Structures are given as structure tokens and as C-alpha cells.
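Here's the structure, in C-alpha cells; my notes come after.
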Number of protein chains: 4
Amino acid sequence: MKRVGVWLIGARGSIAGVTLAGHAALLNGAAPTGLVTARADFEGVDLIDLEALVFGGHEITDGDLVEATRGYLSAHQLSHLMPEVEARLHAVEARIRPGIVRGGGARIEALARRAQVAATDRQAVDLIRADLDAFKAAEGLERLIMVNLASTEPPPPPQAAWETPQALYAALGGAALPPSSLYALAAFEGGDAYINFTPSLGSRIPALEAIAEAHGAVHMGSDGKTGETLVKSILAELFTRRNLTVSSWFGQNILGNGDGQVLSDPANKASKIQTKDQLLPKILGYHPQTHVGIDYVGSLGEWKVAWDHIHFQGFMGAPMTMEFTWRGLDSVLAAPLVLDLIRLASLAQERGEVGVLTALAPFFKDPHGCDEQRLISQDEALLAWVKAGALG
Amino acid sequence: MKRVGVWLIGARGSIAGVTLAGHAALLNGAAPTGLVTARADFEGVDLIDLEALVFGGHEITDGDLVEATRGYLSAHQLSHLMPEVEARLHAVEARIRPGIVRGGGARIEALARRAQVAATDRQAVDLIRADLDAFKAAEGLERLIMVNLASTEPPPPPQAAWETPQALYAALGGAALPPSSLYALAAFEGGDAYINFTPSLGSRIPALEAIAEAHGAVHMGSDGKTGETLVKSILAELFTRRNLTVSSWFGQNILGNGDGQVLSDPANKASKIQTKDQLLPKILGYHPQTHVGIDYVGSLGEWKVAWDHIHFQGFMGAPMTMEFTWRGLDSVLAAPLVLDLIRLASLAQERGEVGVLTALAPFFKDPHGCDEQRLISQDEALLAWVKAGALG
Amino acid sequence: MKRVGVWLIGARGSIAGVTLAGHAALLNGAAPTGLVTARADFEGVDLIDLEALVFGGHEITDGDLVEATRGYLSAHQLSHLMPEVEARLHAVEARIRPGIVRGGGARIEALARRAQVAATDRQAVDLIRADLDAFKAAEGLERLIMVNLASTEPPPPPQAAWETPQALYAALGGAALPPSSLYALAAFEGGDAYINFTPSLGSRIPALEAIAEAHGAVHMGSDGKTGETLVKSILAELFTRRNLTVSSWFGQNILGNGDGQVLSDPANKASKIQTKDQLLPKILGYHPQTHVGIDYVGSLGEWKVAWDHIHFQGFMGAPMTMEFTWRGLDSVLAAPLVLDLIRLASLAQERGEVGVLTALAPFFKDPHGCDEQRLISQDEALLAWVKAGALG
Amino acid sequence: MKRVGVWLIGARGSIAGVTLAGHAALLNGAAPTGLVTARADFEGVDLIDLEALVFGGHEITDGDLVEATRGYLSAHQLSHLMPEVEARLHAVEARIRPGIVRGGGARIEALARRAQVAATDRQAVDLIRADLDAFKAAEGLERLIMVNLASTEPPPPPQAAWETPQALYAALGGAALPPSSLYALAAFEGGDAYINFTPSLGSRIPALEAIAEAHGAVHMGSDGKTGETLVKSILAELFTRRNLTVSSWFGQNILGNGDGQVLSDPANKASKIQTKDQLLPKILGYHPQTHVGIDYVGSLGEWKVAWDHIHFQGFMGAPMTMEFTWRGLDSVLAAPLVLDLIRLASLAQERGEVGVLTALAPFFKDPHGCDEQRLISQDEALLAWVKAGALG
């Protein structure tokens, strides 16, 4: 069996831990609840065997993947899984390399305990690339898929150097890119795939898009769609299909994990709100008053609670309301999607596709290269892509 | 311009009143919020002009359509519409005929103030038909669409006579049918359309289906999808598209209008819960524990409040929850759909269609002849039907 | 140190398990969160030392207290407590005696696996009393407090024999009393205290009240106030203090534990709803439309979720609403109150009090001998009682 | 009958309009729902007759009290009251004088259409005082109660001049005080009462407290307690009385009226959040993580919706949650309290009291001179004050 590498940026974070624990549990026969690619719709598609995936990653915090995951599973009544997944987690922990810290914002830099220091962007990319190549060589991997699961960066101010590969390469002697983009560049330079599960910039600039094409790499993002935005992306169609007018849609998220702490820095929060707040106008076709609040409430731990208040008008302008409260475990919702994205990116690699994988839009709050924000339309397009390729 | 008749069963009820007020307001230039057929998707479809519709109906309560509608509009901050709609409401009130009371349950019979007495089902059908024919003659109507907006009947025990037209006609000398079915039969015998916006039996027996075909009539039902079930029919796909397992879905409706009072009789409530409770298993493909409660809370007046608690499992079986509260004005949500159904039934008549109009499924909780319960799939099928016909 | 016995009816149920685990955890130094008697208000009151309590009980199901409690703690992220409490739980399990099954309703009888069979009520009381005396002798206990934590019984039809001790004793040759009352009688005949944490009849008939007095026993009930009713008992004062009129108060409880299964039998549910539904009129001073629904939703396990919708009128009759959702672990909320009741009943015994302990009203949904339903007034009265005795 | 003047600052705002409409409706026999002083507890207290109150006020916006109130009543289904109240509203509108604009923040100054210009604080106070004296003379009023209902000002930076009357008077040649304090000073200089229903500074500085004493004036504030904070002030006791630990209490308010627009300016919002956020620690006795959000959602109009998420720990630290949604009409909730405050301030004047009326604490989010934040304890203290005075 060919072996495919998966390189996680943020490899000791809770999404990484749950992804790895879930991967191990699935190999031990657990039900694939939450895996989109395990739906009956995907039967007959030649998806990569989960057994073929080999995980490694970068991480800037210290701590230990095994202990962190044990804590997470125990806090959510999943302790019974630990014995079966422990050995695999140890293997991944041994492959984790210190991450690169350059420009992630004060909040993220404060978290850094183990990092590789680079004097220039070029040097940072080379350090990352060296780790990826060493991983591929050590494990005998055919190809690699990098997944960005790191904390959200502040949105950097646009630079002229982002427009073309030439300009970007010329600027790499200084500080032109945030970490998420340095990682993407490193992946592309080896022809590897890059999946951005965060709202950070990643590969989303013309220069990197062109570089990905040039190296035959696939990529996609941004920001995994796991909670409040997921609900919106389906519920908003209730109003469009019934021709009801949304007057205002007020959403408030509260969360207590590390992600929440990073987001309590207004600079980092800005990226997140930006990706969460553009969906409604795209689905509705007009701009009602919207609000997306995100606040850190420490006692919630890994729970993410969202309250949305929707004010809408019916026949003859009569005002009515709908409210919902969503109580989700963000990492538990994200982890199976990470496995889905790995399998689908691998499928694209096998099919020889290159560039932005817009068909993966249903997994993202702000899908790269895709204006369609309706979950069901996105999902139908994904199925069509999966099956079209299957026929070819 | 050809004129088309619309005959409302329950012509002084709140849905009828809001439908008529809204119809008049639209003719005066109001925005068509809530009208599905006013969506851009329906542009270019040759739908009947709202001006061409002439309304009449049956009603068993006394009271006055104009006064009842004035009260409704005033209670919901729509008083400003009254001056423009009053003249049209008076014209409809003048065309209302006493309804037929036979077998609607104790609760409905207690409401009856003005009714036509029939010794047999046959006689009841003839009385109804005579009213319809008189209406068509008096108004010079080309054809007629009957819409059942009356209170919910208790579900009658199935009868052998329902199986074939022959058996049904043989049984009409006695009491074989509930009122909703007597009305449907009367419509069909004149080749007229029958739309059942309630969960009552209506045309939903083989004998009436065959009689509709024989007379070239179209028909559809049952139970307008306006609130909690509407939300379910779209929200349930969040779970299927993400492969999340619904463990339980508990729904509780409270409402305060006349419909609510009739539903406080367990016999009548049974019909309603039946049509509301079959949707989830059809969409999900399995049977989680479900509950649909409906209770009368007088102080709510025309408001219908639904609280749904959804318990679901994610990756590795982790339990999570979603709750929603829906606060809708049932009649305001229903009325534009009634106008949509009239326009679409009229379109089917013009195209020469016959039998059950399954394409109208998105409007109903329990669509006749249609297993698809997903709102968006139903809506896409409706659009395809509308456009297919347009091409022919 | 004097040792005091505590005899739990329903000794392997989840309230008993959490009470015992919590008692052990407190002895190991856990924080007394949820214990009313641990508030600063009770400082200086000579309450019994928790170390002095010795637990035993009756139970009709089989299973094992240690295993059941291990399961409960593990399901609610309290596994870390198990090592410290296990030894004490084993000791209690060894003292559990088979319960008496007589008249608890079909639902409860179906649960019975280990029961003592009695031909008459007299014989049942004697069997219970023998177990209590054996417990006191074996453990060298000065006195005993019985606490009823068993499943809710259906409300029995009133009997003439309940009016006086004479009539009751005369009827004991047959079947005059439900199990909860047989247990109360057995306690009283030994001068022991009886606390009824359930809505079952218990000691709440004139004959048993007189017998308690005659034997110098104290007693109190009914139905521990732990969730939705607790909220009501405080929130209702918002409306009275502001002179706002409650138009309707609709409450719906869903729960998934054994208690919920027993309550899914309408006969047993009747008792519960009766005690939950009388509070509002007593606090408000008028009767708005109220509703208390209780339904079993298996997937919730030990969680009890309540949704309440309150419709109220303000100045000039303007309607407004408040809604709340309560998500509680019933046994976790009940257990510390059980310990409170034991300590306070013990205090009453030490002070030589006799009869109904109305000062314990804040702990009960339907306090015996007390019309005051406002939580804060009840709590102030409790403090006054505690302190008055302290002075005497 | 002696006549007492009431002078409203913000006399065309919605609270003023509803207060005046309600006052007129009460005189016409409407039920006194929402009036605390209409509770049975206040029977026998010699409160001023509502008929004796004569209203006037200052206002900086243009518009018309009659039209604004007509709009408000019509938007909330209270149109039927208009005919009975119109004449009285016209009389008040005729007595409204242009307000003073000095230092209320950019947001408030932008609203100003009709204002009196003052070069110094001293001159502003004199202009206000002249209006008050003219009102008293014109209407033959024995005494006057000023009520501040104006938009919330930004919290001004503390000044040394606030400490003593001497320092304050010395500074009046410049700009030492925000408008709310200028109004208070003007009231005090005539011996009149000042009630601050807003979170603005008002009389809450040592210099003004001393000046009030010196002139024999009574005063009280701040910030009427009408919605989310009202609920907190009673619900928090659920947790203290049961010894449950609140881990976090997250509250989010959304509102759509003019008050909301002013609060959308962060400077003005700061005052509001300050008064709303100090209650919980005072009641609980510790500082859980708290959050009070206020955001403007235009489509809500006069509705104020609050969502609170309370995370608490029970026995053995088990986490549980409660959520509530409050949907109130702020002005409808505030208006009867304004009448209550007028009656109670008048009572204090009649009894010859002087200084801060701490007994009026239950009406305020941040009661001047009172650390007690529990609604019921505050209410009991109010009753004691009312009755104690009655005996004297």
C-alpha cells in the first residue's frame, strides 16, 4: 500500500488531537459519525484508505500530544477510546517538529515555547521544507498533504509583493508573509497539497496561487465550517425559498478553549469575523443588518455556544423571529472534516488536478474561489466533482 | 381577462382573512414578501394575474369576514392596510355560503352556527356542488379552485368504500366521508381543482383519486408547511449532509388561536401530529426518538411558538445539542402560500394536467404522492416542473 | 461520637448514589458546593458532623450500588472521585436490603427484581421495621432518618382509613397504603424520622401525622425542588414585585433517566405534575393558564432539560415574553439537598421536636403543612428556625 | 387639591411618552399593571393622587410628543388608548421647553434640534432654573420633581471640583458638569427633587449631595432597572440560596430604539455597561467571569431582547447551564416605574425627608447610596420605609 503523509500545523492543538484520536478509533472499527466521505453518497468512490495516512506536524507550544488528547477525551466522556489510540498518538508526537514563529501576532507569539528561528521569510520556508522532506524520506511517503490547524493570525495588511511570484520571491529576503503563507509556500515548493482550516491568509494571494500551479500542487481554504456558520449556511435558505425578508441576523459565539483566548485579541478576532460575516448577504442577495460576536468565556472549556436571533418579515411586512442556540464541541465537529479534506485532497492529487480545489467549498466558511455559500448547493457540487472524476 | 374562481372552505377563518387582505394589498402594490411565486426564479412563467381571481367560500361559523380581518390586522400592526382592502372583503363576505357539518368531530360541530343540513353524504355533495355552480354562473368564471382552510378533523377510521369509485358511490347514501372529502368530491364532480391546506383526509383515498382523474381535475395536499415543520424540513439536512446522527428531536408547539382550540381536542390533534411526525425519519433515513407536542395557550392569540430540542452525536459518539425557538404568525405565513397554490393549480389546469400535483410538495407537511421531504429538493422539483411546462 | 443512621428507600438509584459519593467526597475534603447548610448563614449552628452518618437502605432492583455510581460519575466527568469513595460505597451496598413491593404501580413493579413479599400492609410494615431495627443494632445507632428516594408512585385514591390512626390500624390487614406510606409508618413506629423526597403520598395523611406525633417522630416532604420548579419559585416573584401580570406559563421538561421512564406511565406522572403545578397560583395570587409537561427522552440520560415560556402583560396591557432553558443533572442537584435534609432532621431530633418540620419547606416542591411557595421567604423562615432553636 | 409638578428631561422620548399616555389612561380607569405602588402592599399609604400631577419638561429634539406617542402606541397595539390620552398629551407638549446641550457627547449633540445655548455651566443652570420657576408659577405648583429620562451620556472624567460645593460653584464659570448634573443642580437650587432614571452622572458627586442637603432637596438614581438586570437581580439568588457556584454569566442585549442608537457610540455605552455589570459580584459575593453586551439592532424598534447564558457548578463541581431570553418593551416597563418614583419622591417631600432616597433602590440598576442589589431585599426595605413613615 502506498503511504501518504499528512502534516499538521498546530499538531498539539485540540483539533489535531481529536483528528488523530478519531483516525485511530476508526481504524479500530469506530462508527464514522461526522465523516462526510463516509456517507452513502460516496460509496464507490476510490478514496484513500485511512490506514495509508502517516501523520506528523509542526507545533510552537510545548506540552505533549498524548497527554493533551487524554485530557480532551476524558473531559468529554471519551476516555474509553484512549487505550486504543495511545500507541498511534505516541508515534505522531515523536514526529512533531518545532514550528516557525514569524508575524502571527502578539497573542500567538506569547504561546510559543518551541520554535525555529528564521532571519528571513526565505529561510523560514527552507526550514519548513527541510522538515517536510525529512518526513517524506523517513516514512517513505509518496506525497504529502499539509493541513493548517494553527491559531488564527491577525489579517496582515496587503502587500504589492503578493501579486506575482516574481515580486514575492524578490521580497522573501525580508518579511512579506504571515506564517500561514510561509507554510503554504513551503508545501507548494515540494509539490505538496495545502489545506487551510483556519481564517488566516494561507495560500490566498495571487502569487501563491501561481506558484501552486507552477509546482502542480493543489490547495484549498479557508476556515472550517463547523458551527454557527454551518447552521447559517443551511438555515438562510429557509428564508430565500419562502421569499421571507431577513431584517436582521444577530449572532453571538462564546467559547472557552485556546482558540477563544487567541480570538480575545481584537487583531486575531478580525480575521475570524470577516470570514463568518460575508455568508448571509451572498445567500440572501441583499444586506440585512448582521452581527457576528465572538467572546471568550473560560468556563466553557472546549464547548462553543452560539446564540442567533433572526428577525424576519413575512406577508404584508409582519415581523417574526427565530432564535437558535448551538452547543457544539468545536474540535469534535472539525476533526472528521479534516479527515474528509485529506481524503479528498489526496483524490485530487491522484487524479492529477492542480490549483484551487473549489469543489471542497462545503467544508469552509469562506471557500477559496467559490461564491456559492449555500451548504446544499456546495455539497451537490462536491458530489458532482467526486463522481465526474470517478467516471473519467 | 378570463376570471378564475377560488372557493375557500373556512372562509371566515384567519388564514382566509389574511389571504384575502393580502390579495387586495398586492393589487394595491404591496411587496409580495412571503410569496414563493414572486421569487426571481418564477420570472417568465405565465402565472395567472392576481386580478383575475374571484373569491367565495363556505363557512360554518357566524361572524363577519370584514370585522374578523379588521381585528386580525389591527392586532398585528397591519391596520393601515384595512382601508385599501375593505371593499374587496365586503364583496367576498357577500359570497360566503353556510358550510356543511357532517363528521368533523365534536369540537368542530360545537363551532357551527350557520350550516346546511344534509341527510346523506350524497345530499351534502349536491348542496356543495350547487353552491359552486351558482358561484361560477354568477361571476362568469371559467374554472374554479377550491382550497380547504377549515379546522382540522379527527382522522376517520378507514373504510372499504374508500377503495374504488364504485364502492364510494354506493356508500354515499349513508355516512362514508368526513367533510373535507365531501368538499373534494363536490369539486371533482365539476372538474374543479381541490387543494387541501389542512391535515384532514380530503382527496387522499383511492376512490377520490380515481374520480379526480375521471373528471379531469387536479388536486393536492396535505397540511400547509408554515412553521416548525418547515424549519425541520431544511434543518434536518444539516445533520445528513454532515453525517451527524440525530439521537432525539423533541418539538413542542404552543398556539392560541381557534385552530389551537380545535387541536386541544385529542381526536383532532391526532391528525395534525401524524402529518408533522413522519418527516424526520424520511429525511434522516432512520428513526431517532421524536416527539411533536401541540398545546393550546390562549394568551398567545395568533402567535405560534415552537421550541425544538435536538440531541445529536458527532465524531466518536460525542453528544451535542441544538435548540431553536420559532415565533411565527401562522396565518401570515400561510396566506401567501395559499395564493401560490392557487396560481400553481391554475397553471396546471391551463396546461391540461390531471390528478395529484406532486410538484407542489414544498408547500405541504405531508405531500400527497411524494416521499421527498427535504424542502430544497422539493423546491428544485417544483421549479423544474414549472419550467418544463413552460417549455412545452 | 454518636452515630446516626440514614436509611435510603431506593438505595441503588442515582440520587442515592450521588448522595453517597458526595458524602464520601466531602469527608475527603471536597468543596460543599450545592449544600445549603454549608452556606455562611449556617455558621455556628450545631449541625451533625457528616462523619457521624451511617447509610443503609432498601432497594427493589438488582444491580450494584458501586457499579451504578461508577457509571454515573464517569458519565459526568467525575471519575476522579471514584477511588476515594469506592470503599464507602461497598460498605453501604453490603447493608442494602430487598425492598417491599405493594401498590407502586405497574411501571414500578416491572422494575422489581429483589423484593420482600408481604401478604398484608401490616406484614409489610413489620418487615421494614425489622430491617431498620437490625440496622440500628448492627451499627450501634442512636437514631435513624429514613429518606424516600424511590420512583414516583401513582396517586392512590383517598381512603376513609387514612383519617385516623384507629381506622388505619384496622385496615392494615388488607391493602390500605402505597409503599411510600408503609415505609413512613415503619419509621414512625420506631420513633424514627421520615423525609419524603418524592411526590408519592408518604406521611401526608391525617392518620400518619397523628402516629408520628404519638411516637415522637419528625417528618417532612414532598418532592425535592431541584430544577424547573426551583426556578419558578424564585422567578415568579419578579412578576409579583413589579406588579406584572402573568398571562400564561408553559413549562416542558424532558429527561432521560429511570425516573423519566417511570414518569412516562401517565399514572405515575400524575403525582409529579400535581406537585409541580400548584406553585404558581400560590405565589401569584391568581390562576394564569399553566402547563407542566414531562416527557421521557432517552438520549438525555441523567440530564433534565426544561423549557419555560412565560407570557406576561405590562403597563397598559402590553404583552411581553420571557423564556428559559434549564439544563441540570437532577441527581447532582438533589444529592446535596438530601444531605441538608438529613442534617436538619437530625437537628430537629436533637432539639426534641415532633411532627411535621414545616421549616424545611425550601427543599420541597409541595411542602407539607406550608402554603408559602416563595423560595426566598421559605429560606428566610428556615434560617429563623435554625437560629431560634440555636438560641433556645 | 394641591398640584405637584413633574419635569421630564427628555420629554419627547419614548419613556416620557408612555409615562404620559399611561398616566392619562390610569386617570381614565385603566388597570395599574406594572405599577409597583399599586400592589396591595401599598394599601393605606398616603400616596399622591395621580390627578394632582402636572407634567412639563425639557427636550432637545424637535418632533411632537403627541405624534411620537401616537406612533409608539400604534406600533404596540395600544392605539385604542390614543383618543383618551390625546388632550393631555397636547397640554404637556405645550409646556415643553428647549433643552440644554453641554457635554452630552457627540452622539447626543447630533440629535439636538432645539436647544438653549449657555456660555458657562452657571448660565446653563440659570436657564434651566428659570424654566422650572416659570412652570411652577404658571401652573400654581406647590413643589416639583424632576425626572431625567434623557439619552445616556458618556461617563465624564472625574474632576476635583466635584468634591465640595465651594469647589463646584467656583468651577461653574467654565465646563465642570455634564448636562445630567446641570439639571440636578438646577433642581436642587429650587429645593426640588431630582430622580435620575439614566446611568448618567446626575447628582452622584459629593458636591451635589451636599447642595441637595443644603437646599432640603431629595434625590435618587441611577438607571432604571427594567429588563435583563432586573432578571439578574432576582435570579442570582437562586444560586446563592442553593449554594451553587456561578462560573460565568454572559449577557447580551440587543435593542433598536433611539436609546440603542446612542448606545452604539462606545463612549455612551460605557456608562451603561458600568451600571449593569456590578450587580452580580455584589449578590454572589465573588467575581465570576461576567459580560454585558449591548448592541443596536435597528429592526427591533422598541423591543429589547436579552440573552443570558449562565454556567454554574453543582455538587462535586458538576457543570450545568441555564439560559434565558427576555423580550421586553423597555419604555412600557420603565413608564410605570417613573410614576412610582414620582409618587414615592413626593411622599418623601411630604414627610420632610432630605438627601438621597436609598429606600428607592429596587427601581435602579445602580442604586445611589445602597450596596444591596437583591431585588427582594430591596423591595422589603422599600416597604419598611413606606410603612415606617406611615406610622410616624
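The values are calculated or read from the model by the stated rules, or taken from the named source; none is laboratory data. Not measured: the values here are computed from a predicted model. Reconstructed Cβ throughout: ideal geometry from the backbone, glycine too, with neighbour counts over all protein chains shown. For the accessible areas, the whole protein counts, side chains as well, though only heavy atoms, and no ligand, DNA or RNA atoms are used. Shrake-Rupley method; radii C 1.70, N 1.55, O 1.52, S 1.80 Å.
Annotations for the structure displayed:
- Residue and whole-Å distance for the chain A Cβ lying nearest the axis of the A-onto-B rotation are A:Phe324, 2.
- Largest to smallest principal axis extent of the C-alpha atoms in the stretch A:171-210, angstrom: 26, 23, 16
- Angle in degrees between helix B:330-350 and the longest Cα principal axis of chain B, rounded to the nearest 10: 60
- Between 0 and 90°, nearest 10: helix A:179-189 axis offset from chain A longest Cα axis: 60
- Rh by Kirkwood over Cα pairs, then Stokes-Einstein D for the stretch C:280-392 at 0.890 mPa s and 25 °C, µm²/s: 142
- A simple charge model with +1 on the Cβ of Lys and Arg, -1 on the Cβ of Asp and Glu and nothing else charged puts the dipole of the protein assembly as shown at about 0 debye relative to its Cα centre.
- Nearest-first distances (nm) between copies at B:Ala112, label 7 Å from Cα via Cβ: 5.1, 7.2, 8.4
- Counting, for every residue in A:366-379, the Cβ atoms of other protein chains within 10 Å of its Cβ and taking the mean gives 2.
- The relative contact order of the stretch B:323-392, computed from alpha carbon pairs under 8 Å that lie at least 6 residues apart in sequence, is 22 percent.
- Cα gyration tensor shape of the stretch B:142-208, rounded if a/c is under 1.5, else prolate or oblate by comparing a/b with b/c: oblate
- Computed extension gain for C:Glu213 through C:Lys2, at 0.36 nm per residue and net of the alpha carbon distance, reaches 73.5 nm.
- Computed over the stretch D:1-137, the alpha-carbon pair-distance distribution with 10 angstrom bins reads 11, 36, 32, 18, 3, each value a whole percent.
- From largest to smallest, the equivalent ellipsoid semi-axes obtained for the protein assembly as shown from the alpha-carbon gyration tensor read 49, 46, 44 Å.
- Legend: mean number of C-beta atoms from other chains within 10 angstrom of residue C-beta atoms, peptide C:325-334, equals 6.
- The stretch A:144-259 pair-distance distribution - Cα-Cα, 5 Å bins, rounded %: 2, 10, 17, 18, 15, 10, 10, 9, 6, 2, 0, 0
- Relative contact order computed over the stretch B:30-109 (Cα-Cα under 8 Å; 6+ residues apart), in percent: 37
- Inverse of mean 1/r across different Cα pairs in the stretch A:250-289, Kirkwood, Å: 11.5
- Trypsin sites (Lys or Arg not before Pro), loop per DSSP, at most 16 other Cβ atoms within 10 Å - longest free stretch of chain B: B:115-350
- D versus A: buried accessible surface, summed, Å² (probe 1.4 Å, to nearest 100): 1700
- Legend: P(r) of the stretch A:187-238 from all alpha carbon pair distances, 10 Å bins from 0, whole percents, reading 25, 39, 21, 14, 1.
- For GluC sites (Glu not before Pro), the sites in the stretch C:10-113 that DSSP calls loop and that have at most 14 other Cβ atoms within 10 Å are C:Glu43.
- Sulfur and carbon atoms: percent of accessible area, the stretch C:132-226 [1.4 Å]: 57
- Projecting 7 Å from Cα along the Cα-to-Cβ direction, the label point of C:Glu213 sits 5.9, 8.1, 9.7 nm from its equivalents in the other copies, listed shortest first.
- For the residues of B:54-67, the average number of beta carbons from a partner chain within 10 Å of their own beta carbon is 0.
- Along principal axes, Cα extents of the stretch D:1-53, largest first, whole Å: 34, 26, 19
- Distances between copies of A:Ala384, taken at a point 7 Å out from Cα along the Cα→Cβ vector and listed shortest first: 1.3, 7.5, 7.6 nm.
- Taking a sphere under 14 Å around the Cβ of C:Glu93 and counting the other residues whose Cβ falls inside, with K and R at +1 and D and E at -1, yields a net charge of +1.
- Taking all protein chains into account, the per residue accessible area for the protein assembly as shown stands at 31 Å² (1.4 Å probe).
- With contacts taken as Cα pairs under 8 Å and at least 6 residues apart, chain B reaches a relative contact order of 19 percent.
- Cross-link pairs beyond the 24 Å C-alpha cut-off, checked among A:Lys272/D:Lys365; A:Lys272/A:Lys304; D:Lys232/D:Lys387; B:Lys304/D:Lys304; B:Lys2/B:Lys365: A:Lys272/D:Lys365; D:Lys232/D:Lys387; B:Lys2/B:Lys365
- Computed with the Debye formula from one identical point scatterer per Cα of the stretch A:190-333, without solvent, the log10 of I(q)/I(0) at q = 0.14 Å⁻¹ comes to -0.76.
- Under the Debye formula (equal points on every Cα, no solvent term), log10 I(q)/I(0) of chain D at q = 0.07, 0.14 Å⁻¹: -0.30, -1.28
- Computed [θ] at 222 nm, deg cm²/dmol, chain B (DSSP H ≥ 4; -39,500 (n - 2.57); rounded to nearest 500): -13000 deg cm²/dmol
- 0 to 90° range, to nearest 10: angle between helix C:121-139 axis and chain C longest Cα axis: 70
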